[in-house]
2 protein chains.
Amino acid sequence: MAGLFRISEAVSIAFHGMGLLAVRGARMSGHEIANAICVSEAHLLKVFQRLARAGLVHSTRGPGGGFEITEDPRAVTLFRVYEAIEGTAECGVCLLGTTTCPFGRCIFGGETERMEKEFLDYLHRVTLADLSAKDEGGTNA
Amino acid sequence: MAGLFRISEAVSIAFHGMGLLAVRGARMSGHEIANAICVSEAHLLKVFQRLARAGLVHSTRGPGGGFEITEDPRAVTLFRVYEAIEGTAECGVCLLGTTTCPFGRCIFGGETERMEKEFLDYLHRVTLADLSAKDEGGTNA
DNA sequence: CATATTCAGGAATTATGGTACCTTTATTCC
DNA sequence: GGAATAAAGGTACCATAATTCCTGAATATG
């Protein structure tokens, strides 16, 4: 398994691709983006198709075409990118999927919910502009 | 989508099933456990098959048989249960799955890694005994 | 106008997770 | 001791989601 967060490769591609577009500040073709972040071009294209439908990027066909961010990167949160790919992110839903835990109360005492909220806050707080700004050199997480 | 953490239904069944066994302190059949926590008996059986192979429960066949926890519930962390189902939980791995981020550094600045570690710490810290003890009435998370 | 480039959309494929069913083991009751 | 029953083990199947592939449409350029 890959990680503890439910971040699909699609979302990761969206984060990295959008981050790259934000840094470059110019239109880039799907081919260029995929090469730059070392992912499958087919998959990236599919991901950007969704981002385009969500209005987060504008796409242009034909030679010299490609994708460009439609808004100021400082206004685009990771959450919006996440939602464009995965649909609505629910938080605080019982892991069992039942509305009432068979135990009568949540056996985790609400702590998992707290941590999910923390992650959600992070997605809401961080913008595409932040992705290029931060340079504290964390390892790959 | 269900939640932000990569908790499959299988892991959730394992947590709840083991929690129940810990509370009861006695052998229970798969049928009983599945009924108590309102999940598919077929799936629960498969999950417990893995828990048995991992040595976390002892299984007994035949009438009156079932599953029982092999160790003191205070000694069994959620992490061990998690690993028995999902395999090794990696933390701090780049969301893209590459060993070196194409950006040269992690674009998330290590914060996602920090949050993953926090969740991992939680799994390491909480034992089956804790699941039944906590009673602060959180909502279903 | 022909051609090359680039994205759009849907079809086909693959992978994953969950389900159903049959087999084996053990107990109980006659 | 044998038959019936209760229970877990194992395997094969199915459903859904994720990924790739293929064809078509749009646009720029010579």
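Observations
- The solvent-accessible area of residue B:67, taken with every protein chain present and a 1.4 Å probe, is close to 30 Å².
- Net charge contributed by nearby residues that have their C-beta within less than 12 Å of residue B:76 (K/R +1, D/E -1): -2
- Annotation: amide H-H contacts under 5 Å for residue B:5 (H modelled 1.01 Å from N, sequence separation of 5 or more, or interchain): A:6.
- Across identical copies of the chain, residue B:41 has label-point separations of 5.4 nm, listed in ascending order, with the point defined 7 angstrom from Cα along Cα→Cβ.
- A simple spin-label model places pseudo-atoms 7 Å from Cα toward Cβ; at residue B:60 and residue A:52 they are separated by 6.4 nm.
- One residue of chain B places its C-beta nearer than any other to the axis carrying B onto A; that residue and its whole-Å distance are B:6, 2.
- Using a 7 Å Cα-to-Cβ projection, residue A:53 label spacings across copies, nm, ascending: 3.8
- Pseudo-label separations to other copies for residue B:65 - Cα-to-Cβ vector, 7 Å, nm: 6.3
- Since only A:31, A:73, A:115 are under comparison, the one whose Cα sits farthest along the positive direction of the charge dipole of the range A:9-133, derived from C-beta charges on Lys, Arg, Asp and Glu, is A:31.
The values are calculated or read from the model by the stated rules, or taken from the named source; none is laboratory data. Note that the structure is predicted; figures quoted are calculated from it, not measured. No Cβ is skipped: glycine too gets one built from the backbone with ideal geometry, and neighbour counts run over all protein chains shown. Just so you know, the surface numbers come from the protein's heavy atoms only, side chains and all, with ligands and any DNA or RNA stripped out. Shrake-Rupley method; radii C 1.70, N 1.55, O 1.52, S 1.80 Å.
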